[in-house]
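Every number here is computed from the coordinates shown, using simple stated rules; none is lab data. Treat the numbers as computed from the prediction; the structure is a model and nothing was measured. Backbone-built Cβ (ideal geometry, glycine too); neighbour counts: all protein chains shown.
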Amino acid sequence: MPLPGRRARREQADVVALVRELGALLGDLGLAEIEIERAGVRVRVQRGAPGGSPVPTTVAIPPAPAPVAATADVPAENHVVIEAPMVGTFYRASSPTADPYVREGDSIKQGQILCIIEAMKLMNEIEAKVSGRLVKALVENATPVEYGQPLFHIDPNG
């Protein structure tokens with residue numbers, strides 16, 4: 001059975017190895033910053049001043065708080081939930097000055113563009129999977145979204 005001190009040293013060695021690996025990737029790919037989370041440890045390596053060496057940052061991730069049920073975000077039984085198909089930044093319109101693709105209360109058709117999610121500098125149009133009435137938009141413009149995060153509630157009978 002390993003001793004607690006040995007385990008801590010091993011975990012620290014693993015983090016150091018990860019930082020070195022990320023630093024090498026940073027240089028190989030020409031990135032300014034890279035971040036990864038593994039086993040409750042988040043490591044972020046970013047390039048310092050030009051010509052400088054990468055600067056590692058490690059942060060222990062606290063356990064996530066218990067989810068709080070919000071009645072406003074729970075769809076009615078017959079509502080269809082449109083979820084984010086990827087991680088990225090959610091935009092309700094094609095540009096900051098353009099009107100949103102859809103507003104709450106709008107009638108929508110299957111295949112109609114509802115929003116854009118920007119991922120890795122690519123703009124991905126998110127389409128309605130059903131026709132109906134947009135009941136609720138759950139995400140604010142220009143905010144990050146996670147894979148599977150609910151974006152809209154649609155009433156197919158509306």
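Values as computed for the structure displayed
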item	result
Label-point separation in nm, residue 141 to residue 93, each point 7 Å along Cα→Cβ	0.4 nm
Order of 91, 147 - criterion: other Cβ atoms within 10 Å of each residue's Cβ, fewest first	147, 91
Cα convex hull of region 76-137, projected area averaged across orientations, nm²	4.4 nm²
Packing-based exposure ordering (other Cβ within 10 Å, fewest first) of 95, 107, 131	95, 107, 131
Phi-based couplings in Hz for region 17-22 (Karplus 6.51, -1.76, 1.60; Gly and Pro marked x)	4, 5, 4, 4, 4, 5
Cβ-placed point charges (K, R +1; D, E -1), dipole of region 71-155 about Cα centre in debye, nearest 20	160 debye
Sorted by Cβ neighbour density within 10 Å, fewest at the top, the residues 136, 129	129, 136
